Each structure stands twice: as C-alpha cells, then as structure tokens.
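All remarks here apply to the structure that follows.
The values are calculated or read from the model by the stated rules, or taken from the named source; none is laboratory data. Note that the structure is a prediction, hence the values are computed from the model and not measured. Cβ coordinates were reconstructed from backbone atoms using ideal geometry, including for glycine residues, and neighbour counts include every protein chain displayed.
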Ligand SMILES: NC(=O)C1=CN([C@@H]2O[C@H](COP(=O)(O)OP(=O)(O)OC[C@H]3O[C@@H](n4cnc5c(N)ncnc54)[C@H](O)[C@@H]3O)[C@@H](O)[C@H]2O)C=CC1
Ligand SMILES: O=C(O)[C@@H]1CCC=N1
C-alpha cells in the first residue's frame, strides 16, 4: 500500500514508526514530504528507510492513501498541493484537529474517500487511542484499511464526525491531563523528601500498574479506587482532600472546556 504523508512532524513520525513496526506500512512504499525542512526529511529517511523528498509528483502519483499531517492552519496549502492528484479511488486521511470533512470535500471536491482521524501522541509507543470518522465515499475495504493502519499504532474505533470534539477532549488531549497529574505527584513526592529519581520511578510504575488494572477490570475505576481506600487510612485522607478542592468537578470542567475549544477551533474549518 502506497501511503504519502503531507507533513513530517511528530504525529506523522509516530504513525510511520508504529505502522512500519507492525507491518501495516512498508518502507519502500511510504512517502513523506514537508514544507521546508529538508534536514528533517533526511533524518526520517535514515531512521526509517522511507521515501522522503520534495518531488510531489513521484510521491502522490498512484498513492493508495494521502495522510494530511500538517497543522490545521496549513490545511489549505496541503489540500491545494494534493488536489490535482485526487481521483475517485483516492483516500485522504486527515490527522488535523478541528478540520471538518465538509471543509476538505469543498477544497478537493466531494468525490473521494475522506477519513477524519484523531490519534494521540502515544502513537509513538504503539498506544494511541484513535477515533476515525468517514465521509460517504469510504468503502468497506477502505474503512478496514484505515482501521488496520491506526490499529498498528494502538486502539482504533469509528465514530460519527459529530463526536470528534468529545473525542479530542478525551483522548486527543487526554495524555496531557495524565502528565499534569504526574507533574503534581512528582512535585509532592519531592517536597515530602523523596529524591527526584526515586519519586519518578515509583510514579511511572504506579501509573503503568493503574492503567493495566483499569484495562483488566474493563474500566471499573470506582471499584478499584474503593479497594485501595481503607477506612481511616491514607487514601481516604487524600480523596477527602481532593473532594474538598473539587478536583473531580475541575477535571470534568477542563475536559468540557477542551471540547468547547475544539468546537470553536473547528468553526474556522467548516462549510
Ligand atoms: N500533537 C498531538 O497531540 C496531536 C496532533 N494532531 C494533529 O496532527 C497534526 C500534525 O501535528 P504535529 O505533527 O504536532 O505538527 P508539526 O508542526 O510537528 O508538523 C507539521 C508538518 O507539516 C508540514 N507542512 C505544513 N504545511 C505543509 C504543506 N502545505 N505541505 C507539506 N508539508 C507541510 C511542516 O513542514 C511540518 O513538517 C496537527 O494538525 C494536529 O492537529 C492530532 C492528534 C494529536
Ligand atoms: O491541543 C491540541 O489542540 C491538539 C489536539 C489534540 C491534542 N493536541
């Protein structure tokens, strides 16, 4: 499968790395281009053995899928670059936050498969949570190929496009919320007298273990928390303090604000 990435940033690299490793992509038929940074293209060629360069004709001709991997603000220049290579059999996969399917259809013509996706940066370690939304031209085969590509970098599910703001707020930005909690726990551990590395090792293993427990129990967060919380014990003291500070409500408010921001950013890319 010939796949061309328009944009050579961190999301493109994360997907390329995961998909090459899993065999969903082959180096000889994976192309990447960017706007200006040729050193970056050389770096990707050396690291992954993929095809990188500025010869758009070679890259885009007969491509099975074109992945838009630039920042949303550059979407029009990206769509303009690919427009003359699009035909009825093309598949355009967008990674761009907030850019609506109808916006892309208007720029390249409402004639080929367009798949809007929202991965996250954990793609770099094969653990993205990716949601995709499809336009009406996507065939069952193209849908499966997209699921296979994103499954190579983690979990891949299909949603209605109207859910993308919620998806972005939960899993697109989500890793950052966990890092935010990690920052606070690391700082508190050090204030309590642990050295930096000890606090870090304990914290990382605690997050990994909790994520595995949550996964194995099929998301039973409340039950898992209660199992740790002894009456009159330390966890109870912590949770009581969190509740006094309305931490749960604050997190929910933050997630909702992210969704509102996603919606607002998307207004500029709607037709
Ligand atoms: N970072 C994240 O957590 C997530 C990012 N995304 C989306 O992924 C996309 C890419 O993000 P990053 O990789 O962080 O961006 P980045 O800024 O690292 O890379 C963007 C690349 O696009 C290239 N580019 C821009 N216009 C171009 C054009 N017309 N033709 C060819 N190349 C062009 C730039 O040269 C650069 O190589 C964004 O749209 C973002 O919304 C999606 C999910 C999560
Ligand atoms: O913060 C952002 O806007 C992007 C979208 C999801 C993750 N990062």
Quiz item: Looking only at segment 166-181, which residues are within 13 Å of ligand 1 (Cβ to nearest atom) and either within 11 Å of the chain's Cα centre (by Cα) or over 20 Å from residue 206 (Cα atoms) (or both)?
Solution: 167, 168, 169, 170, 171, 172, 173, 174, 175
Practice problem: Give just the number: which of (1) more than 16 Å from ligand 1 (Cβ to nearest atom); (2) within 20 Å of the chain's Cα centre (by Cα) does residue 184 not satisfy? | Solution: (2)
Exercise. Go over the candidates 76, 60, 44 one by one and state the one that is touching a strand residue (DSSP E or B) at 6+ places or on another chain (Cβ under 8 Å), assigned by TED's automatic domain parsing to the domain that holds residue 123 and closer than 24 Å to residue 138 by Cβ.
Key: 60
Exercise. Could you list all residues from segment 152-171 that are out of contact with any helix residue (DSSP H, G or I) (no Cβ under 8 Å at 6 or more places or on another chain) and crowded, with 17+ Cβ neighbours inside 10 Å?
Key: 167, 171
Practice problem: Check 264, 205 and return the single one that is without any contact (Cβ under 8 Å) to a residue 40 or more places away in the chain, assigned to a helix (DSSP H, G or I) and within 16 Å of ligand 1 (Cβ to nearest atom). | Solution: 264
Quiz prompt | Number of positions in segment 131-154 that are in a strand (DSSP E or B) and farther than 27 Å from residue 264 by Cα | solution = 1
Quiz item: If residue 66 satisfies every condition in (1) more than 21 Å from residue 141 (Cβ to Cβ); (2) modelled with pLDDT of 95 or more; (3) surrounded by 19 or more Cβ atoms within 10 Å (Cβ to Cβ) but one, which is the exception?
Solution: (1)
Exercise. Please determine, by comparing only the residues of segment 21-37 that are surrounded by fewer than 18 Cβ atoms within 10 Å (Cβ to Cβ) and modelled with pLDDT under 95, which one is nearest to ligand 1 (Cβ to nearest atom).
Key: 35
Quiz item: Looking at segment 89-101, which of the residues that are over 18 Å from residue 5 (Cβ atoms) and touching a strand residue (DSSP E or B) at 6+ places or on another chain (Cβ under 9 Å) is nearest to ligand 1 (Cβ to nearest atom)?
Solution: 100
Self-check item: Selection from segment 142-167 of residues that are touching a strand residue (DSSP E or B) at 6+ places or on another chain (Cβ under 9 Å) and farther than 25 Å from residue 256 by Cα
Solution: 142, 143, 145, 146, 147, 148, 149, 150, 151, 153
Exercise. Kindly indicate whether any position in segment 118-134 is more than 16 Å from ligand 1 (Cβ to nearest atom) and more than 19 Å from the chain's Cα centre (by Cα).
Key: no
